[in-house]
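First the structure, in the form of structure tokens, and then the observations on it.
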Amino acid sequence: MMILCWNCRGLGRPRKVQELVRLVHAQRPKFLFLSETRQNKRFVEGLRWRLGLRNVVSYIEEGKGGGLALFWDESVDVELFKLGERIIDVFICNMPFGIK
């Protein structure tokens, strides 16, 4: 199973979003964690369609700084334990055998 984590330092520029989409499509991670998104919740959660990772949970701070997002593949069941300004704590409930 591949997990991709990226401190993106803001997703405000189209080039940065394109770079992220290319990276996800090339690596095909089951999970993608982004920190420092610096965008509103609607924008960040809307990326799931371009990324091909249909599930997402995000924490967006008021103002310009911060922001966390966790995207994951439909083949994985995830249970959220805690969500805050510095943490997204999840439990992988049902990981199908043979997934890499």
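The values are calculated or read from the model by the stated rules, or taken from the named source; none is laboratory data. Here the structure is a predicted model, which is why all the values come from computation and not from measurement. We place every Cβ from the backbone using ideal geometry, glycine too, and count neighbours over all the protein chains shown. These area figures cover heavy atoms from the full protein model, side chains too; ligands, DNA and RNA do not enter into them. Shrake-Rupley method; radii C 1.70, N 1.55, O 1.52, S 1.80 Å.
Structure summary
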| item | result |
| --- | --- |
| Calculated [θ] (222 nm, deg cm²/dmol) that DSSP helices of n ≥ 4 give over the chain, each run adding -39,500 (n - 2.57) | -8000 deg cm²/dmol |
| Phi to ³J(HN,Hα) by Karplus 6.51 cos²θ - 1.76 cosθ + 1.60 over segment 10-20, Hz, x for Gly, Pro | x, 10, x, 9, x, 5, 5, 5, 4, 4, 5 |
| Solvent-accessible heavy-atom area per residue, rounded to whole Å², over the chain at 1.4 Å | 66 Å² |
| Square roots of 5 times each gyration tensor eigenvalue, C-alpha, segment 1-60, largest first, Å | 16, 13, 11 |
| Overall dimensions of the chain by Cα: Rg and Dmax, Å | 13.1, 42 |
| Apportionment of accessible area to carbon and sulfur, the chain, percent (1.4 Å) | 48 percent |
| Acute angle (nearest 10 degrees) that the helix 41-51 long axis makes with the longest principal axis of the chain, alpha-carbon atoms | 50 degrees |
| Share, in percent, of DSSP beta bridges within the chain that are antiparallel, nearest 5 | 75 percent |
| FRET efficiency, residue 50 to residue 1 (Cβ-Cβ, R0 25 Å, nearest 0.05) | 0.70 |
